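Before any comments, here is the structure.
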Amino acid sequence: MKVLSVNAGSSSLKFKLYEMPEGKDLISGNFERIGIDNSFYTIKINGEKTKKELSIPNHKVAFTILVEELINNNIVNSLEEIKGIGHRIVQGGDYFNKTVIIDEQVVAKIEEFSSLAPLHNPAAITGLRAAQEVIPNAIQTAVFDTAFHQTMKVEQFLYGLPYEWYTKYKARRYGAHGTSHKYVSERINEILGRQDTKTIICHIGNGASISAVENGKCINTSMGLTPNAGLIMGTRCGDIDATIIPYIMDKTGLSIAEVTNIMNKESGLLGISGISSDSRDIEDGIKDGNERCVLAQKMYVRRIIDYIAKYYFEMNGVDAIVFTAGIGENSPLTRAQVIEGLEVMGIKLNGEANNSRSREVKITSEDSKIPCYVIPTDEEIMIAKDTFELI
Ligand code: AMP
């Protein structure tokens, strides 16, 4: 059965088509700059990538092109072969705790939660409406980034604010990256060979979050009402004293929208280093003796250690710590520095094993009290699996 995994942004559409249940990747690609000038798309079949530039005015046109590519490349003979389409939805609020088949009621709920993810949920609706029009016979599912974190207890997801802000306005911790945390936590349990585990999953990429997972269920996570909480990220500040916001507004005359934008797009590694949000540039800066890059890296690593320590105590121990996503999978330096900071827990790095990128590997020595692993994440296959299982 062929299942399409889709991630629609306001001007982009990422996709991957799988043969399920084998999970064989048949074709993947990305439509970019949809609805703006210089739009293009890339597709990858059997490892071969091609790029085509043409006008892509909206998501419906993108899906139409996608279908043409599938037929022209003999990946499907007819649209009927695509039985399911799984859509990544950023915010499912406190309503969705698992993947669901999309109907009008589900769309209305996703719309309702748009105020919690104003950039993401409306774009996902645009994507799923376009898919419904172009591939009407497929069963469409909504896979929520927040669903995996719905097992958190109230004392973990509530803020120390008036309780009515939660009951009236739904102001609480929701978390994000749930599909990745779920995939990686399931994989580490396979590696450990049991389900009754306590694991800490560090999804550290441009966006970054850490989850504490007990017996396969999330008990706490570092992102909050929005993804701008917890760790220092590429351009997001993560945890701050909220009172900084009115203080800076008062000092600078910046509006709430401007301050929010700076906290999301001009902070984190970029804000501290003053040069880049990309950890490769930060690492180059460190080699060149750039003190602000040294500082940015120090702060970035410190915050990760702090969260691991917090969850270690919260779960009363941990069986494994896992690194994933862009930096977690590709930066031996960041992993080594984090593990160095965990020495007090009896964790010992295996330098040689750590010196690898983008592959599943144990990076601690045999005498390390707690093993640490790198597990490349795969949100797309998780979306396809959930969709396949629902069908
Ligand atoms: P993601 O958001 O998961 O795609 O992660 C993107 C981030 O991963 C980039 O911004 C880089 O900072 C980081 N990254 C990717 N490759 C490397 C690498 N080879 N070394 C260090 N960091 C990397």
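The values are calculated or read from the model by the stated rules, or taken from the named source; none is laboratory data. Computed from a predicted structure; not experimentally measured. So basically every Cβ, Gly included, is an ideal-geometry build from the backbone, and we count neighbours across all protein chains shown. Note: areas computed on protein heavy atoms with side chains; ligands, DNA, RNA excluded. Shrake-Rupley method; radii C 1.70, N 1.55, O 1.52, S 1.80 Å.
For the chain, with a Gaussian network of springs between Cα atoms less than 10 Å apart, report the residue from 49, 362, 217 with the top mean-square fluctuation.
With Cα springs under 10 Å in the chain, the top fluctuation among 49, 362, 217 is at 49.
Suppose we keep just the alpha-carbon trace of region 139-255; what are its Rg and Dmax in angstrom?
Radius of gyration, then largest Cα-Cα span, for region 139-255: 16.4, 56 Å.
Report the residue, chosen from 209, 11, 185, that carries the largest GNM mean-square fluctuation when the chain is represented by alpha-carbon nodes joined by springs under 10 Å.
11
Could you give me D for the chain, from Stokes-Einstein at 20 °C and 1.002 mPa s, where the hydrodynamic radius is the Kirkwood radius over C-alpha pairs? Units µm² s⁻¹, please.
97 µm²/s
Within a Cβ distance under 13 Å of residue 12, other residues only, what is the Lys/Arg minus Asp/Glu net charge?
Within the 13 Å Cβ shell, the charges total +2.
Solvent-accessible area per residue for region 244-323 at a 1.4 Å probe radius, Å²?
Per-residue value: 56 Å².
If amide hydrogens are placed 1.01 Å from N in the peptide plane, which non-local residues have theirs closer than 5 Å to the one on residue 2?
20, 83
How much area per residue is accessible in region 1-145 when the probe is 1.4 Å and only protein heavy atoms are counted (Å²)?
It amounts to 47 Å² per residue over region 1-145.
What's the longest piece of the chain with no exposed GluC sites (Glu not before Pro), counting a site as exposed if DSSP puts it in a loop and it has at most 12 other beta carbons within 10 Å?
23-365
Would you mind telling me which residue in 54, 231, 66 has the biggest mean-square fluctuation in a Gaussian network model of the chain, where springs connect alpha carbons within a distance under 10 angstrom?
In the Gaussian network model the winner is 54.
Given +1 on the Cβ of Lys and Arg, -1 on the Cβ of Asp and Glu, and no further charges, what dipole in debye does the chain carry about its Cα centre, rounded to the nearest 20?
Computed charge dipole of the chain: roughly 240 debye.
Rounded to the nearest 500, what is the 222 nm mean residue ellipticity of the chain from helices alone, with -39500 (n - 2.57) per DSSP H run of 4+ residues and division by all residues?
-11500 deg cm²/dmol
At 1.4 Å probe size, with the rest of the protein present, what percent of the exposed accessible area of the chain is carbon and sulfur atoms?
Accessible surface attributable to carbon and sulfur in the chain totals 50 percent.
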